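A short write-up of the structure that comes next.
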Amino acid sequence: MKDVFKQIIIDNQEKSYEYVLERDVDFPLNSNKIIAFTGVRRSGKTHLMYHAIKELKSKVPHKNIVFINFEDDRIFPLTLKDLGTLPEAYYELFPENKNEKVYFFFDEVQVVDNWEKFIRRLYDTENCQIFISGSSSKLLSSEIATSLRGRTLTFEVFSLSFKEYLNFSGIKANPPFSSKSKATIIHYLQRYLQYGGFPELIYSEERFVKQILQEYLDMIIYKDLIERYSINNHFLLKYLVKYCMLNIGTLLSYNKLFNELKSRGLQISKNTLYNYIQYLEEAYAVFTVPLYSRSYSEVSKNPKKIYSIDVGFKTAIGISEDIGHKYENVVFLHLRRKGKKIYYWKLNKEVDFIFDDDELQIINVTYDLSDHNTFEREKAGLLEAMNKTGMKRSLLINLDKEEMINTDNGTIQIIPLWKWLLL
């Protein structure tokens, strides 16, 4: 195994990273912490590591940089004992670097059982900066919290934001926007809403995009769910994945879903249903958003809203475009990328998003405001939330309308989705 590691180290040191584009993820190249990237498969965690390597190559000798993809077939299957030979392999290649700082990049580290023991020992014994990535939020929660406590900075990685999507597509989107640039941006927004923001899809032929998205979904199901959690009921898991992707932006009622599954003849306990949804969240396939309330009992007894890691999955398996819920999902992801703790609001009316950003922010999202009843419904929800919370501003995101509405309760800003995403 040591000789294989040596070959991989050398191969990766000779790679060119000039083609790598920058992402909107701000992380340090030098820190006294282990830098952890976690997120769904194919979202660009490896690309982030490549960008870090590209930056480092202009500052340190290339022999001080080590990149290992733990899903490389040349080292499969890999054990904790095998990992112990990795630093030995490196320092046999470069013994003069024993006292120099070395940058280790470990991609998809979670495939090795007890990987955290190796990372901890390397961190404690060598002069190094460690970057790790993984496709399970276990890297964010239990494993990091228990085994690497106090040693990490963790960054969630999502598929491309719309601004990144434009950049990767070679489109510069800087205000002021001319009529031509606005038309171009809206064109790309339509594709973004259709196929989502996974980086690879930008460069793929459109006729293959749905197939690629389905393969991504299959990888999540089999690699990050079935294998990791030893799930036997594959049919139920696939059903839940499809259910979640088709119902983005809607309330997830466990009782309703449980009864629906029973009516289909599926033998399932409520605990199993809860666990499967939790697994989907841990694999970054879906997110759930709770009700905004100061009462824990109110939060716990009310259903959560559900969102997908990428709107492209709805296109891949759906029979209806449902553009309004796609708008809402894109807004959710944009807020989540910024690290917001997001809730929905519901008293007599409903508001899609409410979150604390120095002060409360209140947002409704709808596709088309041309219908008077739709406009009045969205406005009424915002006004109720503003009145109850005492906030004097709210936001209504839509297709193309832009204006400011002054009311007795405060100001409602109406803004097109494309412009809000580029702020």
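The values are calculated or read from the model by the stated rules, or taken from the named source; none is laboratory data. Since this is a predicted model, take the numbers as computed values, not measurements. Please note: Cβ atoms are built from the backbone with ideal geometry, for glycine as well, and neighbour counts cover all protein chains shown.
Okay, here's what the table says:
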{"read-out": "Filtered residues of region 26-52 (kept if of a type in the set (A, V, I, L, M) and in contact with a strand residue (DSSP E or B) (Cβ under 6 Å, 6 or more places away or on another chain))", "value": "Ile34, Ile35, Ala36, Leu48, Met49"}
{"read-out": "Number of the exception - Lys304 against (1) in contact with a helix residue (DSSP H, G or I) (Cβ under 7 Å, 6 or more places away or on another chain); (2) farther than 20 Å from Gly39 by Cα; (3) surrounded by 18 or more Cβ atoms within 10 Å (Cβ to Cβ); (4) of a type in the set (Lys, Arg)", "value": "(1)"}
{"read-out": "Selected residue [within 16 Å of the chain's Cα centre (by Cα), free of Cβ contacts under 8 Å to residues at least 60 places away in the same chain and either surrounded by fewer than 16 Cβ atoms within 10 Å (Cβ to Cβ) or not in a loop (DSSP other than H, G, I, E, B) (or both)] from Asp11, Asp26", "value": "Asp26"}
{"read-out": "Looking only at region 190-216, and only at residues there that are surrounded by fewer than 21 Cβ atoms within 10 Å (Cβ to Cβ) and in contact (Cβ under 8 Å) with a residue 12 or more places away in the chain, the one that is nearest to the chain's Cα centre (by Cα)", "value": "Pro199"}
{"read-out": "Verdict on Leu251 being in contact (Cβ under 8 Å) with a residue 12 or more places away in the chain, under 30 Å from Gln361 (Cα atoms) and assigned to a strand (DSSP E or B)", "value": "yes"}
{"read-out": "Single condition Gly265 does not satisfy, out of (1) outside any loop (DSSP other than H, G, I, E, B); (2) closer than 28 Å to Tyr279 by Cα; (3) not assigned by TED's automatic domain parsing to the domain that holds Val20", "value": "(1)"}
{"read-out": "Residue that is modelled with the lowest pLDDT, among those in region 358-388 that are within 17 Å of Ile342 (Cα to Cα) and surrounded by fewer than 16 Cβ atoms within 10 Å (Cβ to Cβ)", "value": "Asp358"}
{"read-out": "Residues that are farther than 21 Å from Lys223 by Cβ and not acidic (Asp, Glu), drawn from region 68-92", "value": "Lys81, Gly84, Thr85, Leu86, Pro87, Ala89, Tyr90, Tyr91"}
{"read-out": "Options Tyr343, Tyr296: the member that is more than 24 Å from Lys419 (Cβ to Cβ) and in contact with a Phe, Trp or Tyr (Cβ under 7 Å, 6 or more places away or on another chain)", "value": "Tyr343"}
{"read-out": "Residue among Ser16, Ser58 that alone is of a type in the set (Gly, Ala, Ser), farther than 21 Å from Gly170 by Cβ, in the same structural domain as Gly150 (by TED's automatic domain parsing) and surrounded by fewer than 16 Cβ atoms within 10 Å (Cβ to Cβ)", "value": "Ser58"}
{"read-out": "Filtered residue count, region 307-326, keeping only those that are surrounded by 23 or more Cβ atoms within 10 Å (Cβ to Cβ) and out of contact with any Gly (no Cβ under 6 Å at 6 or more places or on another chain)", "value": "6"}
{"read-out": "Candidate set: region 217-248, residues that are without any contact (Cβ under 8 Å) to a residue 24 or more places away in the chain and outside any helix (DSSP H, G or I); chosen: the one nearest to the chain's Cα centre (by Cα)", "value": "Ser230"}
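Table: residues versus (1) under 24 Å from Asp400 (Cα atoms); (2) under 20 Å from the mean Cα position of the chain (by Cα); (3) in a helix (DSSP H, G or I); (4) outside the structural domain of Ile309 (by TED's automatic domain parsing).
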position	(1), (2), (3), (4)
Lys326	yes, yes, yes, no
Asn329	yes, yes, yes, no
Phe332	yes, yes, yes, no
Leu335	yes, yes, yes, no
Gly339	no, yes, no, no
Tyr343	no, yes, no, no
Val351	yes, no, no, no
Ile354	yes, yes, no, no
Gln361	yes, no, no, no
